[in-house]
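This report refers to the structure that appears directly beneath it.
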Amino acid sequence: MASSAFDRTPEQNALIEGWTPPGVDVSRAHTARMYDFYLGGKTNFPPDRAAAEQALAAFPHVRVTAQENRAFLLRLVRHLAGLGITQFLDIGTGIPIEGRNTHDAAQAVAPESRVVYVDNDPIVLAHARALLSGSPTGATAYIDADGRDPESILGHPTLTATLDLDRPIAVLMMAVLHFVPDEDKPFEILTRLTGPLASGSYLGLSHATPDYDPVGWKAIEEAYHQSGIPGKTRTRAEFQALVPDGWVITEPGVEVVSQWKPDPGTKQPDPVQVSCYGVLARKP
């Protein structure tokens, strides 16, 4: 006899295509599930796909943007692990992709790496618990929290049990801040988030930009707004201005994500197709 959802654990349910946690509203599009759709995943629903198709109609290269952003995350994490960073706080995790997550990249370089994932979508968290298992010498943990409330993250018992705030931590916010409009004060959020971190910590960010196709990205903003999702793309200067005061931007500076320390021999897409900046900053 086939097991029912009540017989299975939440982790087992999460592996079943189309499953949703009880009480979760999938009648409205969600950024994480739209991003999953761009990456070819299956954890998305008709409203997510409809909103994503609107965005693709406005800017047909959105899938390239998503793919290059994920590749940037993995290169960034490997780079940081190579520098000796073994603690990572990944905020706005999104739907996990088997073998292509923060802990996969970190623990491939330093198996003792410890990673805390943060998201406020119950579907993301269910899939994270099912799919994000790390090295036995390291650790992975998951927090249900909103990135706009740094204190709820830094003070969360799961974080303090997993990461040592007296040692350097790499905070990662990939493709998150373009969903934080100016009225929500993204610079202030980052300042509150990074203020308590130890010297030698890092901040890795990526952000969609209208610099290469202002018309297309304006249409994407409107498509997201029509789906009830706030957001604001930012220019290179506006993005760089989000880095907290006193933090030092490392080489190569603010760069299109595909061109930030690319793997040798890889073919680079046209920056117009990517339209996403990345940056890594260090706390002195």
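The values are calculated or read from the model by the stated rules, or taken from the named source; none is laboratory data. All values derive from a computational prediction rather than experimental measurement. Neighbour counts run over all protein chains shown; Cβ positions are idealised from the backbone, glycine included. Just so you know, the surface numbers come from the protein's heavy atoms only, side chains and all, with ligands and any DNA or RNA stripped out. Shrake-Rupley method; radii C 1.70, N 1.55, O 1.52, S 1.80 Å.
Extent of the stretch 164-284 along each principal axis, from alpha carbon coordinates, in Å, largest to smallest?
Principal-axis extents of the stretch 164-284 (Cα, largest first): 44, 41, 22 Å.
Quick one: Karplus J couplings for the stretch 76-82, per residue in order, coefficients 6.51, -1.76, 1.60, θ = phi - 60°, nearest Hz, x for Gly and Pro?
So the J values, rounded to whole Hz, are 4, 5, 4, 4, 5, 4, x.
What are the ³J(HN,Hα) couplings of the stretch 120-127, residue after residue, when phi is run through the Karplus curve with 6.51, -1.76, 1.60 and θ = phi - 60°? Round to Hz, x for glycine and proline.
Computed from phi, the couplings for the stretch 120-127 are 10, 9, x, 5, 4, 5, 5, 5 Hz.
Would you calculate a helix-derived [θ] at 222 nm for the chain, using -39,500 (n - 2.57) for each DSSP H run of n ≥ 4 and dividing by the full residue count, to the nearest 500?
On the way: 12 runs with 107 residues, N = 284.
Mean residue ellipticity, 222 nm, calculated: -10500 deg cm²/dmol.
Taking amide H atoms as placed 1.01 Å from N in the peptide plane, list the residues 5 or more away in sequence, or in a different chain, whose amide H sits under 5 Å from that of Tyr142.
Tyr117
Starting at the first residue of the stretch 37-48, write each ³J(HN,Hα) from the Karplus equation 6.51 cos²θ - 1.76 cosθ + 1.60 with θ = phi - 60°, in whole Hz, x for Gly and Pro.
4, 4, 8, x, x, 10, 8, 8, 10, x, x, 5
Relative contact order for the chain: what percent, with Cα pairs under 8 Å and sequence separation of 6 or more? Before the final figure, lay out each step's value.
Values: 527 pairs, mean separation 53.1, N = 284.
In percent, rounded to a whole number, it is 19.
Given the peptides 240-253, 138-151, arrange them by the average over their residues of other C-beta atoms within 10 Å, most packed first.
Working: 240-253: 14.1, 138-151: 18.2.
Output ranking for 240-253, 138-151: 138-151, 240-253.
Given +1 on the Cβ of Lys and Arg, -1 on the Cβ of Asp and Glu, and no further charges, what dipole in debye does the chain carry about its Cα centre, rounded to the nearest 20? If you can, show how the numbers build up before the last one.
Details: 24 positive and 34 negative charges, 104 e Å.
For the chain, the charge dipole is close to 500 debye.
Under 18 Å between alpha carbons, and skipping anything fewer than 8 positions from Lys261 in its own chain: which aspartates and glutamates qualify?
Partners within reach: Glu68, Glu251, Asp270.
What part of the accessible area of the stretch 140-284, given as a whole %, is carbon or sulfur when the probe is 1.4 angstrom? Each step should come with its number before you reach the end.
Working: 3280 of 6230 Å².
C and S fraction of accessible area: 53 percent.
Given Gly40, Gly94, Pro186, which one lies farthest toward the positive end of the charge dipole of the chain, if we put +1 on the Cβ of every Lys and Arg and -1 on the Cβ of every Asp and Glu?
Value computed over the given set: Gly40.
Would you please put 69-79, 217-227 in order of how densely packed they are, using the mean number of other Cβ atoms within 10 angstrom per residue and starting with the highest? List each step's numbers first, then the result.
Details: 69-79: 21.5, 217-227: 18.0.
Packing order, densest peptide first, comes out as 69-79, 217-227.
Straight-line reach from Lys218: which lysines fall under 18 Å, measuring Cα to Cα and dropping same-chain residues less than 8 apart?
Of all the lysines, those that pass the test against Lys218 - Cα under 18 Å, at least 8 places apart if same chain - are Lys232.
Where in the stretch 35-100 are there GluC sites (Glu not before Pro) that are in a DSSP coil and have at most 13 other Cβ atoms within 10 angstrom of their Cβ?
Here the sparse-neighbourhood loop sites are Glu98.
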